[in-house]
Every structure is written in C-alpha cells, then in structure tokens.
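See structure below.
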Amino acid sequence: MINESDCKKRRVTIRDVARDSGVSYATVSRVLSGYAFVKETTRNRVMEAVERLGYVANLPARSLAGGRSQIIGLLVPNLDNGYVGTITQGIDQALAHANYDLMLYTSHRHPGKESYYVSAMPNGLTEGMLLIAPLVPAAYLDSLR
C-alpha cells in the first residue's frame, strides 16, 4: 500500500493508483476511461484508491499518451443570458454521453480574444472547437479570419 503522505508531496500517477488498488496500470486506465467491461468490484477498488490518494488526471499527459484529449472547446461571447446557458448545457450533456469533457472559453465579445482563442484552441488541450456565434455570423466570421 502506498503511503498517503508521500503522495501529497508529489503528483499521484496512474501507476500509484494501480499499486494501491492491486490492479494493473491498464485496468486503472480502463476504469478512468469509462470502459464498460471492468468488474464492478474492481472499478470500486480503483475509484476508492483514486479518492484516497487524491489522483487528478494529467490532461496534457493523457493527450500525449493517447493522442486524444477527449476535450472539446466551446467559445461563447458571454454568459449573461439564458440562451447561451441552455445551449451550453445541451452541448455538455451530449459530450458527456460521448465520454468527452467540455472546456469553456468566454470572449466577453472582445474580437481580439475571440481570434486568439480560435487560433489557440487547436494547439492546446482541445480536440475540436464549437462556437456560439452572434446573430450576424458573416461579420463575426470575417473578424475571426
């Protein structure tokens, strides 16, 4: 069993979780990826070790290891109306169903920020990008180009 105080001094890895729960690194990876064909008792043992050790996924490492981050970026102009919130909630539910996470970017209607996020997202942690565009998409898309 792993000493919990040692884990607090350094970042906990999947290998630490595997050692603590008595399963292989691959089994921990399957559990954390949501793979369906893992025994419930094994899944519970792994998740208890994750909780006990304070494991947090290293998203850049996950992206490099598998070539995929399972994260989609969403760029919204602002969060001050129910329309954006309703759409964002629907996108989040659909992504969760597909085993993806959502990373939210808010431009606050600043064209420079929008352009920056549009150019930076493909080079960051996200695999793809969604835009919630204003009512006049032609001018908006011209500013993004």
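Couple of notes before you dig in:
- Qualifying residues in the range 32-56 (those that are hydrophobic (A, V, I, L, M, F, W, C) and surrounded by fewer than 12 Cβ atoms within 10 Å (Cβ to Cβ)) - the one modelled with the lowest pLDDT: ALA36
- Against the test of being at pLDDT 75 or above, in contact with a helix residue (DSSP H, G or I) (Cβ under 8 Å, 6 or more places away or on another chain) and not hydrophobic (A, V, I, L, M, F, W, C), the options GLN70, GLN93 yield a single qualifying residue, GLN70.
- Residue count, the range 10-37 (criterion: part of a loop (DSSP other than H, G, I, E, B), charged (D, E, K, R) and under 17 Å from GLN70 (Cα atoms)): 0
- So TYR83, is it open to solvent by 50 Å² or more (accessible area, probe 1.4 Å), at pLDDT 85 or above and hydroxyl-bearing (Ser, Thr, Tyr): yes
- Qualifying residue in the range 99-111 (condition: without any contact (Cβ under 8 Å) to a residue 60 or more places away in the chain, farther than 30 Å from SER29 by Cβ, in contact with a helix residue (DSSP H, G or I) (Cβ under 6 Å, 6 or more places away or on another chain) and open to solvent by 30 Å² or more (accessible area, probe 1.4 Å)): yes
The values are calculated or read from the model by the stated rules, or taken from the named source; none is laboratory data. For clarity, every value in this text was computed on a predicted model and none was experimentally measured. For neighbour counting, all protein chains shown are included, and Cβ atoms are generated from backbone atoms with ideal geometry for every residue, glycine included. These area figures cover heavy atoms from the full protein model, side chains too; ligands, DNA and RNA do not enter into them. Shrake-Rupley method; radii C 1.70, N 1.55, O 1.52, S 1.80 Å.
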